[in-house]
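Report on the following structure.
The values are calculated or read from the model by the stated rules, or taken from the named source; none is laboratory data. Since the model is a prediction, treat every value here as computed from it, not as a measurement. Cβ: placed from backbone, ideal geometry, glycine included. Neighbour counts: every protein chain shown.
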Ligand SMILES: NC(=O)c1ccc[n+]([C@@H]2O[C@H](COP(=O)([O-])OP(=O)(O)OC[C@H]3O[C@@H](n4cnc5c(N)ncnc54)[C@H](OP(=O)(O)O)[C@@H]3O)[C@@H](O)[C@H]2O)c1
């Protein structure tokens, strides 16, 4: 396990090799961030949960997503901060990086993971010596209407008030969240859009560009004590454009099928009413609200004065484009897990 010693000192002394504790390392953004941290030469320890099916397997073989060069530390982020702290014994860390996120986005899970679990680990990590935290949040928290956004905002506040320095990264949409219809277009089906497909726009960011940015936040002091909205390179794109690209790339005449946004309004209203009389409907009601949010809100910087999304002011980083990602998906050199979805193919959205 990494410890603070003569070669690993403080983030404020321009030391290049730091001891970094990562949570949420097995997720999409987490894996990319871990790779970038290793590329930058840091000592990386990942606090991950032991999946029941993996019990007994060696840490590295059980976590094939993570490179051999990281240290795996099994633990439960939902337990108390003192238990988490004690589990690390005498180990010390310079920086905490969190890509932890509820896998469902529903209210109970969001507050348990995006808020409470992160809070537990932050307290433990402070006792383990960290001076800086890099937190992966989401650009959509600037207009919070959903439970997970409120949970994320509450934790952002906690980090800001914690007394340590921080970089809060709020990315726009991930490539995986915009790839749910590649297969259906390839199969000759129409591309589904809400309204005219131009209600929303985003500046998608690739996993590796995001990972590189997260890793930069560890040592680049110009990114410290800031909330950092970030998108990928190029102009903002609409769902309609994404559909056009896919038809062009598969040599088909564009065929769009419009889904009325009112569908989500009706579902959210009915399920919201049912949820008030029966808790069983709470999660479904929240998922309908999440669907409506992504059908109508852009993943761009929101001008707080005009309440309009502003593509020009949304910062960009990296070089990877969604168009190239689509090409790679179509020629089979890239894959995206079926669990990594868009609004349409799973009737629920990713959290951006
Ligand atoms: N998708 C987008 O377009 C988008 C855009 C902007 C921002 N974001 C934000 O980016 C963040 C990360 O997204 P992602 O797609 O990388 O997430 P993800 O792939 O779903 O990964 C979530 C991570 O959190 C861990 N986790 C969840 N529940 C846990 C629990 N109970 N105990 C221990 N670990 C737990 C998961 O571990 P396991 O592997 O053990 O489940 C995994 O490592 C989220 O905050 C999201 O809101 C997403």
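Here 213, 191 are screened, and the one residue that is more than 14 Å from the ligand (Cβ to nearest atom), closer than 24 Å to residue 329 by Cβ and modelled with pLDDT of 95 or more is 191.
Just one of (1) assigned to a loop (DSSP other than H, G, I, E, B); (2) at pLDDT 95 or above fails for residue 66. It is (2). Could you please let me know if residue 212 is outside the structural domain of residue 24 (by TED's automatic domain parsing) and either out of contact with any strand residue (DSSP E or B) (no Cβ under 6 Å at 6 or more places or on another chain) or free of Cβ contacts under 8 Å to residues at least 60 places away in the same chain (or both)? No; evaluated as a whole, the condition is false for this residue. Among the residues of the stretch 160-184, just one is free of Cβ contacts under 8 Å to residues at least 40 places away in the same chain and touching a helix residue (DSSP H, G or I) at 6+ places or on another chain (Cβ under 7 Å), namely 164.
Just the residues that are within 13 Å of the ligand (Cβ to nearest atom) and either in a helix (DSSP H, G or I) or over 23 Å from residue 207 (Cα atoms) (or both), please, taken from the stretch 120-137.
Hits for the stretch 120-137 are 120, 121.
Could we say that residue 318 is more than 24 Å from residue 203 (Cα to Cα) and surrounded by 14 or more Cβ atoms within 10 Å (Cβ to Cβ) here? When the stated conditions are applied, residue 318 does not pass them. Please find, within the stretch 264-286, the residue that is surrounded by the fewest Cβ atoms within 10 Å (Cβ to Cβ) out of those that are under 20 Å from residue 193 (Cβ atoms) and under 27 Å from the mean Cα position of the chain (by Cα). That would be 265.
Taking the stretch 138-155 as the search range and keeping residues that are part of a loop (DSSP other than H, G, I, E, B) and in contact (Cβ under 8 Å) with a residue 60 or more places away in the chain, which one is nearest to the ligand (Cβ to nearest atom)? Ranking the candidates gives 138 first. Of the listed requirements (1) in contact with a strand residue (DSSP E or B) (Cβ under 9 Å, 6 or more places away or on another chain); (2) over 24 Å from residue 289 (Cα atoms); (3) outside the structural domain of residue 115 (by TED's automatic domain parsing), residue 248 misses just one: (1).
Here 117, 101, 112 are screened, and the one residue that is outside any helix (DSSP H, G or I), near the ligand (Cβ under 9 Å from one of its atoms) and either assigned by TED's automatic domain parsing to the domain that holds residue 78 or within 24 Å of residue 217 (Cα to Cα) (or both) is 101. For residue 17, are the conditions met, namely being part of a loop (DSSP other than H, G, I, E, B), near the ligand (Cβ under 9 Å from one of its atoms), surrounded by fewer than 22 Cβ atoms within 10 Å (Cβ to Cβ) and at pLDDT 90 or above? Criteria not met by residue 17. Restricting 56, 41 to residues that are assigned to a loop (DSSP other than H, G, I, E, B), modelled with pLDDT of 95 or more and away from the ligand (no atom under 12 Å from the Cβ) narrows the list to 41.
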